[in-house]
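Remarks on the structure that follows.
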Amino acid sequence: MTPKSDKRPSQKKPKERVYKGLGAAHGIAVGKAFVRFGDRIEVQTYNVAKTKVTAEVKRLDGAVKVARRQIRSLQERARGMPGSAGEELVYLFDAYLAMLDDSRLVRGARESIEKNRINAEAAVEREFTTLAKRFEAMEDAYIAARLDDIREVAKRLIGILVRAPGKAPPKPPKGGIVVAEQLSPADMAQIDPENVAAVAAALGGNEGHTAIMARALGLPAVLGAADLLDGINQGDTVIVDGYAGRIVVNPTPETVKKYEKRQAEKRRSARALERLRNQPAVSRDGTEIQLMANVELPVEMEAVQVSGAQGVGLLRSEFMFMNRDDIPSEEEQTAILEQIVGPMKSLPVTIRTLDIGGEKPAPALLSNIDEAAASALGLRGIRLSLANPDTLRTQFRAILRVSAKRNVRILLPMVTTPGEVKRAKALLAEEADNLKKEGRKLPDPLPPVGVMIEVPGAALAADSLARASDFFAIGSNDLTMYTLAVDRANEHVAHLFNTLHPAVLRLIQFTTQAALRARIPISICGEIAGDPRYTALLVGLGLNDLSMTAGNIPLVKKRIRDMDALAASQRALQIMEQSDAGRIAMMIDDFNALA
Ligand code: PEP
Ligand code: MG
């Protein structure tokens, strides 16, 4: 919990160090490190007014409750583990729970809030430091192990307290580079791209939502850079190279100069691409492709406008539920959606219902269920929404209200059966009736309801899903993850995540053909859609509607304008006969080189 920089006196001429990770979001940034030492959260101490002391004690008690719930859930998981390791963990968690019940740590922190009139997290930290000093003086291995247990509990409590709603997290300095052990999508949602220059983390994969958010915010990002936190101090100069997946700590002046030169070159080519903004995305032989934007946060709307997007192909609505302990009201959701839908005027906006679960947390929705229940194979996406019909109803009401004035489509995530679509549509129809009875104007017909095809089973059953839904959107990120059994957010298997794997491509092709047969629109909104290297392949497979991070639209548009769509479909046919992802990549590169 002590910032590392306290322990590490800064040397006069620090040596340049390079860390290799995954280039999760393109771009280059040079700035000062703002390190969030995951284990060593920097706790700020502040005084609490006499009248607020009781509330502060309550805040501590609330954190104790949350910590108990988290540990119980971890304990449940440990119980399911085979062998003695699980058993030992169960005992360990029992010890943690006992510490949260009544221990010197919690009692002492409570007393400290009352006596010293300080904030709860500072009180926990002070109490822990006092205990640690006493324990360390005993020089006994058993006691040292107990100290580790207390540290774990204190860390958890502090983590909960500093992340409590209504409390702003410490802000990085202007132009700072956020460095952390791990950054969650919720952490990313709190980053102000105007203030932060880049992000870097020791954990995380290229295709997880943290990476997607970084790309959406236009922030260079390197994730999965192991040991990063061991060699970096608060305030160190850092270069984040999101192209090469490299982090340079304490670069020499020559290295800085080299990177600044590259930065300037990249800016120049971005400006050249901006000129394409009002040009159509039409191939040389006249095939028109729709280029839409994926949106994660309202701050992106300006970038969407300048990108020349023909609509929003995917609005990930999760951001509304992140970093808060309650569920946003219908009014609040309507107001936020209006901010996004309004600027698009008559252009289509595809609003996806909540896709919470897996790596995307939302405390309010997950508070009454076991953490494991909302895993990537658990209650994620439409499953969680159907298990919480009131939340889905509220979301539908807000979407319907904005659809009265705008061109809105509704998209359901993680669908696997037509039954899920039917149940969701029934709730939507009921809420539409209720809104009409309340005198609200709604469009007639109601907005189309489509499904994400992101589970292999859904792709293989695309014909039956096409009968139940109005359009498809292929989520190639999850489709790749679930087809290849590769966690998209896990840096250890990032090299195995490959959308060009023939199994994934066959599912994309199968789904596209099912949509064409059923005459329903189909788009693709996974990360592959925003990579110009793969545009010809997707167009060749018959996908004429691509949705991507707004910043990539000019790049993809350029590729389309340089391309012959007929030749692309011939090349796609040859590619679909291949069984090796490496060979497929080569055939794509060869085709791209012809243009
Ligand atoms: C996908 O899975 O490809 C997708 C677009 O959805 P998300 O990345 O939000 O899971
Ligand atoms: Mg998905």
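A short reminder: the numbers here are calculations on the coordinates, not readings from a lab. Computed from a predicted structure; not experimentally measured. Note that we place each Cβ from the backbone using ideal geometry, even for glycine, and neighbour counts take in every protein chain shown.
Before moving on, here are some points about what is shown:
- For the stretch 451-595, the relative contact order is 23 percent, taking Cα pairs closer than 8 Å that sit 6 or more residues apart in sequence and dividing their mean separation by the residue count.
- Gained length - K174 relative to V53, 0.36 nm times residue gap less alpha-carbon distance: 40.2 nm
- Size of charge dipole - the stretch 317-447 - debye, nearest 20, with Cβ of Lys, Arg +1 and Asp, Glu -1, no other charges: 700 debye
- Shape descriptor for the stretch 451-595: Rg over Rh equals 0.95 (Cα atoms; Rh from the Kirkwood inverse mean 1/r).
- Convex hull of Cα atoms in the chain, direction-averaged projection (nm²): 30.0 nm²
- All lysines inside 20 Å of K50 as judged from Cα atoms, apart from same-chain residues fewer than 8 positions distant: K58, K115, K167
- Using a Förster distance of 30 Å, the FRET efficiency for V282-V306 (Cβ separation, nearest 0.05): 0.90
- Working from Cα pairs under 8 Å separated by at least six residues, relative contact order for the chain is 15 percent.
- Kirkwood Rh and Cα Rg combined as Rg/Rh, the stretch 317-447: 0.96
- Distance violations [Cα-Cα > 30 Å] among K441/K557; K174/K558; K155/K266; K155/K360; K20/K65: K441/K557; K174/K558; K155/K266; K20/K65
- Considering every alpha-carbon pair of the stretch 252-396, the percent of pairs per 5 Å bin, from zero through the bin containing the longest distance, is 2, 8, 14, 15, 13, 12, 10, 10, 9, 6, 2, 0.
- Calculated Rg and Dmax of the stretch 50-161 using C-alpha coordinates, Å: 15.0, 52
- Those residues of the stretch 422-456 whose amide nitrogen sits under 19 Å from the label point placed on A404, 7 Å along Cα→Cβ: 428-448
- Restricting the stretch 463-568 to trypsin sites (Lys or Arg not before Pro) that sit in a DSSP loop and have at most 16 other Cβ atoms within 10 Å of their own Cβ leaves R519.
- Remark: the E87-M586 segment gains 174.6 nm on full extension, using 0.36 nm per residue and subtracting the alpha carbon distance.
- The angle separating the long axis of helix 330-341 from the principal Cα axis of greatest extent in the chain is about 50 degrees.
- Reach of K257 by Cα under 20 Å, taken over aspartates and glutamates that are not fewer than 8 positions away in the same chain: E16, D236, D241, E265
- DSSP-assigned coil residues among trypsin sites (Lys or Arg not before Pro) in the stretch 362-466, each with at most 14 further Cβ atoms within 10 Å: K405, R440, K441
- The C-alpha atoms of the chain define a longest principal axis, and helix 83-101 lies at about 60 degrees to it.
- Each principal axis of the Cα atoms in the stretch 180-298 has its own extent, and those three values, largest first, are 54, 35, 24 angstrom.
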